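These notes are about the structure you will find just below.
The values are calculated or read from the model by the stated rules, or taken from the named source; none is laboratory data. Note that this is a predicted model, so its numbers are computed, not measured. Note that each Cβ is placed from the backbone with ideal geometry, even for glycine, and that neighbours are counted across all protein chains shown.
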Amino acid sequence: MTIEIQRIGVVGAGQMGSGIAQVCAQAGYHVVMTDVTEDRLKAGLATVNGNLAKAVAKEQITEGDRTKALSLISTNPDYIGFADCDLVIEAASENEDVKRKIFAKLCPVLKPTGMIASNTSSISITRLAASTDRPERFIGIHFMNPVPRMQLVELIRGIATEDQTFEASKAFILRLGKVTTVSEDFPAFIVNRILLPMINESIYTLYEGVGSVEAIDTAMKLGANHPMGPLQLADFIGLDTCLSVMQVLHEGLADSKYRPCPLLVKYVEAGWLGRKTQRGFYDYRSGTPVPTR
């Protein structure tokens, strides 16, 4: 039996959730989005509208495309809005307890044939799936940030994920115009298994006084041809997310090479989480990023 995906649910209207809702609507899917407050839902819709307006200004899409995409996105503060969704994508914060609570609320309202995907960047899909009533219809669909611009989507099967779920998810990503890479269900999958230890090592390089923020980012931009430096990238991702992924790697693989840098821990404890809090390895409050070390 082929699973037909027509209606998408998105849990979370933040940077990732709003981006996922946008690309789904642009591909012609009906999307319903929820979050913990009405204000967050409004902010998520405003982000989508802003992104689409920029795309119109750059002549990447027409005004008609923008209007149509927006008309396909609805919001609902209640999970009952997901009752007739074929696929619900969880895009909440990188915290296993938060995700489990979402699935506990979602499963009773979702139709028996409905699929669940997690946009987790590091947590075990098998373990998350086991907390639901449908592990065979559960899969990891990990979008990259920012979702509208990034081409790659990691697809991760849990031990119980059925072939039908996997094939339907692959077809869904293809319709979004994105490229799939398939990862085994190991901590942090492929991209973050490689990327986050590099970022963590760049923070150690700063912590040990090998180079300043500016020196490290310039070295990697011009010496390794990276589009942005690792500390700038860490601020973009969110230092709390970086720390969460490193903790998953450290605990899941029990290797000291994945130990989160104490300086990363200190920044997170200070609430300096990067761009979203206006301070991280750079201070963004003046409008021009200024290194904080």
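Looking at the structure I just gave you, is Thr241 in contact with a Phe, Trp or Tyr (Cβ under 8 Å, 6 or more places away or on another chain), among the polar types (S, T, N, Q) and in a helix (DSSP H, G or I)?
Numbers: in contact with a Phe, Trp or Tyr (Cβ under 8 Å, 6 or more places away or on another chain): no; among the polar types (S, T, N, Q): yes; in a helix (DSSP H, G or I): yes.
Answer is no for this residue.
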* Residue in region 250-293 that is farthest from Asp235 (Cα to Cα), counting only those that are assigned to a loop (DSSP other than H, G, I, E, B) and among the aliphatic types (A, V, I, L, M) -> Ala254
* Scope region 130-143; condition in a helix (DSSP H, G or I) and in contact with an Asp or Glu (Cβ under 8 Å, 6 or more places away or on another chain); matching residues -> Glu136, Arg137
* Output the number of residues of region 15-54 satisfying the condition of being under 26 Å from Lys170 (Cβ atoms) and among the small types (Gly, Ala, Ser). => 7
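Can you pull out every residue in region 241-271 that is buried (at least 19 other Cβ atoms within 10 Å of the Cβ) and at pLDDT 95 or above?
Pass one, region 241-271, residues buried (at least 19 other Cβ atoms within 10 Å of the Cβ): 241-246, 248-249, 258, 260-261, 264, 267-268.
Once the filter is applied, which keeps residues that are buried (at least 19 other Cβ atoms within 10 Å of the Cβ) and at pLDDT 95 or above, region 241-271 yields Cys242, Leu243, Met246, Leu249, Tyr258, Pro260, Cys261, Leu264, Tyr267, Val268.
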* Asked: How many residues, within region 103-125, are crowded, with 21+ Cβ neighbours inside 10 Å and either of a type in the set (A, V, I, L, M, F, W, C) or not in a loop (DSSP other than H, G, I, E, B) (or both)?
  -> 9
* To do: Mind listing whichever residues of region 146-170 are surrounded by fewer than 20 Cβ atoms within 10 Å (Cβ to Cβ) and closer than 30 Å to Lys54 by Cα?
  => Pro146, Pro148, Arg149, Met150, Gln151, Leu152, Lys170
* To do: Go through the residues of region 69-78 one by one and say whether even a single one is of a type in the set (Asp, Glu) and either surrounded by 15 or more Cβ atoms within 10 Å (Cβ to Cβ) or in contact with a Gly (Cβ under 7 Å, 6 or more places away or on another chain) (or both).
  => no
* Based on what the data block shows, is Ala129 small (Gly, Ala, Ser), surrounded by fewer than 24 Cβ atoms within 10 Å (Cβ to Cβ) and touching a residue at least 12 places away in the same chain (Cβ under 8 Å)? -> no
* Among the residues of region 33-60, write down those that are under 19 Å from Tyr79 (Cβ atoms), surrounded by 23 or more Cβ atoms within 10 Å (Cβ to Cβ) and hydrophobic (A, V, I, L, M, F, W, C). => Met33
* **Every residue from region 214-239 that is within 14 Å of the chain's Cα centre (by Cα) and either touching a residue at least 60 places away in the same chain (Cβ under 8 Å) or in the same structural domain as Glu96 (by TED's automatic domain parsing) (or both)** => Phe236, Ile237
* **Failed item, numbered, when Lys170 is tested on (1) in a helix (DSSP H, G or I); (2) basic (Lys, Arg); (3) more than 23 Å from Thr113 (Cα to Cα)** => (3)
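Kindly indicate whether Thr161 is among the polar types (S, T, N, Q), part of a loop (DSSP other than H, G, I, E, B) and under 22 Å from Ile123 (Cα atoms).
Working: among the polar types (S, T, N, Q): yes; part of a loop (DSSP other than H, G, I, E, B): yes; under 22 Å from Ile123 (Cα atoms): yes.
Yes.
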* Asked: Do we have Ile194 as of a type in the set (A, V, I, L, M, F, W, C), in a helix (DSSP H, G or I), free of Cβ contacts under 8 Å to residues at least 12 places away in the same chain and farther than 29 Å from Ala69 by Cβ here?
  -> yes
